[in-house]
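To start, the structure under review is shown below, and the notes come after it.
The values are calculated or read from the model by the stated rules, or taken from the named source; none is laboratory data. Just so you know, these numbers come straight off a predicted model, no measurement behind them. With ideal geometry, Cβ positions are generated from the backbone for all residues, glycine too; neighbour counts draw on all protein chains shown. Areas reflect the complete protein model, heavy atoms only, side chains present, ligands, DNA and RNA absent. Shrake-Rupley method; radii C 1.70, N 1.55, O 1.52, S 1.80 Å.
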Amino acid sequence: MSILSKPFVADGVARLMAAGAARVQKARPLFPEIPGRTGEFTVPTRHGPMPATLYRPPGEAKGVYVNAHGGGFVVGGAIADDPLCRYLAEHAGVFVVNVDYVLAPHRRFPAPCEQVYDALTWAASPDREWAGARLCVGGQSAGGSLAAAASRLALRDGGPEIALQVLHYPPLDLVTPAADKPARDNRVVIRPWMGEVFNTAYIPDIARRADPLASPAWGTNADDLAGIAPALVITCEHDRLRPEAVTYAGKLAEAGALVEHYDIRGVDHGYDLLDGEPELVRRVYAFLALHVERAVAPAPR
């Protein structure tokens, strides 16, 4: 542990990182052939109105997908996932609700988890224009953690029913310091100091990081997942966070809830948001969209 583990220091660094990211934040220019049929609105949550972008499919919707962006719980915004959301709307034929949840240190755990869950319950309301459509939730990096948390809340609280949870290179163990997680070399995206800042700003109380909503893969937190939503887990071969997602995928499999675990060879955390080959990103997104399309398809009679 270093000085970055002190909350007042981590909070200051997190705010600087967030401010810097906000100045340059934009989506990768991927899939220019897919139009963005979007609209801005807010979702009511217990932590206040949450901004969101709605992506419409080209034809009749088959379902709805609630998406949460990444950024270590402290940086980033929904715009970063614009290519993914456009792709899912176009190729999975779903409405995509891309949410801009609250960030730490301004709002800490469990506020983002609860906001994503509240977005799910909002999306499941019969008042929505897609009423009756099957529901999915997913996210990349920190957003994958929030999707896992929202799925556990749905299991604990008796709904809403989730057809698929998509956990895309998620952090699922905030108890173990990033420095203690193996790295292929010193060029990995997630550096130990980053993990220290993110985790401290998000959950300053170290003991509280063991909460199943924050660290679903840690210890015995995943020993009883019976009844949880079916899951697609996507990991990156060079990602420091890969082992915890692999562990969670194994626990989901034991519970009969793992649809598939897909490991992307030769890439690191955030490959699709940084410098991953566009054709590789397209292949992975096509794989993801196929799983979403299958999950929301009407059950055979």
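Residues that are aromatic (Phe, Trp, Tyr) number at least 1 in the following helices (runs of 4 or more DSSP H) confined to segment 76-161: 82-91, 111-123. Checking each residue in segment 17-37 for being outside any loop (DSSP other than H, G, I, E, B) and within 20 Å of the chain's Cα centre (by Cα) picks out 17, 18, 21, 22. Tallying residues that are open to solvent by 10 Å² or more (accessible area, probe 1.4 Å), closer than 23 Å to residue 253 by Cα and touching a helix residue (DSSP H, G or I) at 6+ places or on another chain (Cβ under 6 Å) within segment 159-181 yields 6. Comparison of 184, 156 shows that the only residue that is within 30 Å of residue 290 (Cβ to Cβ), free of Cβ contacts under 8 Å to residues at least 40 places away in the same chain and open to solvent by 50 Å² or more (accessible area, probe 1.4 Å) is 156.
Selection of segment 2-39 for residues being in contact with a strand residue (DSSP E or B) (Cβ under 9 Å, 6 or more places away or on another chain) and surrounded by 11 or more Cβ atoms within 10 Å (Cβ to Cβ) yields 36, 37, 38.
Name the residue that is most open to solvent (accessible area, probe 1.4 Å), counting only residues in segment 187-208 that are among the β-branched types (Val, Ile, Thr) and within 24 Å of residue 221 (Cα to Cα).
Among residues in segment 187-208 that are among the β-branched types (Val, Ile, Thr) and within 24 Å of residue 221 (Cα to Cα), the one most open to solvent (accessible area, probe 1.4 Å) is 206.
Can we say residue 59 is within 27 Å of residue 10 (Cβ to Cβ), without any contact (Cβ under 8 Å) to a residue 60 or more places away in the chain, open to solvent by 10 Å² or more (accessible area, probe 1.4 Å) and of a type in the set (Gly, Ala, Ser)? It is false that residue 59 is within 27 Å of residue 10 (Cβ to Cβ), without any contact (Cβ under 8 Å) to a residue 60 or more places away in the chain, open to solvent by 10 Å² or more (accessible area, probe 1.4 Å) and of a type in the set (Gly, Ala, Ser).
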